[in-house]
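A quick write-up on the structure given underneath.
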2 protein chains.
Amino acid sequence: MANVFPPSLKSLVGALQALPGVGPKSAQRAAFHLLERDREGLARLADALTAADQKLEHCKHCRMFCEGDECRLCTDPNRDGRALVVVETPADVAAMESATDYRGRYFVLGGRLSPLDGIGPDELGAGQLESRLAGGVEEVIVATGATVEGEATAHWIAECAARHGVPVTRIAYGVPVGGELEYVDGSTLARAFSGRRAVEE
Amino acid sequence: MANVFPPSLKSLVGALQALPGVGPKSAQRAAFHLLERDREGLARLADALTAADQKLEHCKHCRMFCEGDECRLCTDPNRDGRALVVVETPADVAAMESATDYRGRYFVLGGRLSPLDGIGPDELGAGQLESRLAGGVEEVIVATGATVEGEATAHWIAECAARHGVPVTRIAYGVPVGGELEYVDGSTLARAFSGRRAVEE
């Protein structure tokens with residue numbers, strides 16, 4: 001980067017590249033935008049990052065982000081501790097909560113099995129999942145993504161649950177609502193076909 | 001956003017939307033990325049933002065970003081104070097410095113004339129530019145963008161310089177180096193044609 005920038009501007013442009021998908025050019029653009037047009041937003045972002053860094057931990061039960069060591073979902077007495085939805089990311093918890101009427105608890109893996117990237121069961125909180133399964137869970141609902149790694153992760157969770165004698169279900173994968181067969185991709189259609197179910201009368 | 005996120009995570013996702021082109025979804029993605037995969041980058045970004053907010057001011061002479069009230073380019077005794085390049089943004093200074101061998105000084109407008117957006121001469125540092133023109137400048141080189149607002153801004157600068165009896169030139173706009181006439185857009189070609197110059201022998 002140009003020598004004409006003062007050190008603190010250079011560090012800011014460098015630090016902004018920690019954001020996903022942000023390279024030198026867009027980091028520079030973001031830095032100038034904040035400095036010239038949104039000083040208030042800049043200060044607010046600095047404070048929010050500092051606060052998040054200091055406060056946010058993973059819940060010791062479900063690995064969701066929380067302030068303190070237990071999250072609201074795990075301590076809420078109105079939620080059913082017998083059902084456990086296992087998802088990949090905290091964002092998936094948010095998606096489930098806003099789209100469904102599920103009132104049980106969650107377990108956030110924080111990724112999916114991917115041996116090539118060095119992500120094995122330990123990285124996904126295998127120990128915490130086991131102790132969760134041993135603690136009164138009566139149904140595990142696997143809600144990992146419909147990708148190759150998501151499948152592998154689902155199999156691994158099913159094995160863990162089987163060891164504890166807990167029944168496992170998996171959310172349905174198939175033609176999305178509003179989808180027309182003609183425009184659905186082949187893999188999805190094949191999956192929907194192989195996952196066909198008896199029509200309830 | 002989902003209720004399931006703790007307050008400091010919600011504030012972080014909100015604050016990240018101050019960045020240009022970042023909406024709720026990409027802010028959430030960026031927050032998770034920093035929190036889960038790059039805590040060090042998160043802390044570094046927080047520090048860099050705080051430092052930039054505290055240290056960076058505009059140079060009192062040229063309006064470039066600097067720490068303190070005068071920038072390196074304005075205080076460097078090896079630079080020629082008789083030439084003044086006027087650009088729109090600090091990034092343009094960096095571009096000029098890395099591409100040309102110009103060794104004079106700069107003036108950063110911090111935008112371009114755009115009456116509809118409430119950006120007039122005062123917002124572009126008219127007062128500072130006038131005092132700069134009164135202070136021994138012998139050539140003003142206008143390097144604003146080749147846009148409608150850039151043109152209007154160039155005219156305004158030329159007027160200012162004329163009032164101080166300072167000659168004005170403008171960088172050349174035309175077919176870019178490596179450009180083939182067939183693929184250059186019509187406006188650029190028209191501009192290149194009308195801006196034709198005598199061939200030096």
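Worth a mention:
- Pseudo-label separations to other copies for B:GLY118 - Cα-to-Cβ vector, 7 Å, nm: 5.1
- Remark: mean inter-chain Cβ contacts per residue of B:53-60 equal 4, using a 10 Å Cβ-Cβ cutoff to other protein chain atoms.
- Residue closest to axis [chain B; rotation mapping onto A; Cβ; Å]: B:ALA46, 3
- Average other protein chain Cβ within 10 Å of Cβ, residues A:161-168: 0
- Comparing the full protein assembly with the isolated chain, the residues of segment B:72-111 losing at least 20 square angstrom of accessible surface (1.4 Å probe) are B:ARG72, B:PRO90, B:ALA91, B:ALA94, B:GLY110.
- Surface burial for A against B, with a 1.4 Å probe and both sides summed, reaches about 4500 Å² of accessible area.
- Ordering of A:32-40, A:72-80 by packing [mean C-beta count within 10 Å, highest first]: A:32-40, A:72-80
- Pairs from B:LYS25/B:LYS60; A:LYS55/B:LYS55; A:LYS55/B:LYS25 whose Cα-Cα separation, in the structure shown, is over 31 Å: B:LYS25/B:LYS60
- For segment A:71-172, with all protein chains in place and a probe radius of 1.4 Å, 54% of the accessible heavy-atom surface sits on carbon or sulfur.
- Average beta-carbon neighbours from other chains, 10 Å sphere, peptide A:19-29: 4
- Rounded to the nearest 20 debye, dipole of chain A from Cβ charges on Lys, Arg, Asp, Glu: 440
- Here chain B carries DSSP beta bridges of which approximately 25% are antiparallel, counting only pairs with both residues inside.
- Percentage relative contact order, chain A, counting C-alpha pairs under 8 Å, at least six apart: 13
- Using only side-chain charges placed at the Cβ, +1 for Lys and Arg and -1 for Asp and Glu, the dipole size of the protein assembly as shown relative to its Cα centre rounds to 340 debye.
- Per residue value of the accessible surface for the protein assembly as shown (all protein chains in place, 1.4 Å probe), Å²: 54
- Tail beyond 40 Å, pair distance distribution of the protein assembly as shown (Cα, percent): 40
- Selection from A:VAL4, A:PRO20, A:LEU56 lying farthest towards where the dipole of segment A:1-71 points positive, charges on Cβ: A:VAL4
- Label geometry 7 Å along the beta-carbon vector: A:ARG191 inter-copy distances in nm: 4.9
- Teacher prompt: A:ARG79 distances to equivalent labels in other copies, 7 Å Cα→Cβ, nm: 5.7
- Helix B:7-16 vs. chain B, principal-axis angle (Cα, 0 to 90°, nearest 10): 20
- Segment A:79-170, dipole about Cα centre (Lys/Arg Cβ +1, Asp/Glu Cβ -1), debye to the nearest 20: 300
- Shown is the FRET efficiency for A:HIS33 and A:GLN54, computed with R0 = 22 Å from the Cβ-Cβ distance and rounded to the nearest 0.05: 0.25.
The values are calculated or read from the model by the stated rules, or taken from the named source; none is laboratory data. All values derive from a computational prediction rather than experimental measurement. Every residue, glycine among them, receives a Cβ derived from its backbone with ideal geometry; neighbour counts consider all protein chains shown. With ligands, DNA and RNA removed, areas are computed over all heavy atoms of the protein, side chains included. Shrake-Rupley method; radii C 1.70, N 1.55, O 1.52, S 1.80 Å.
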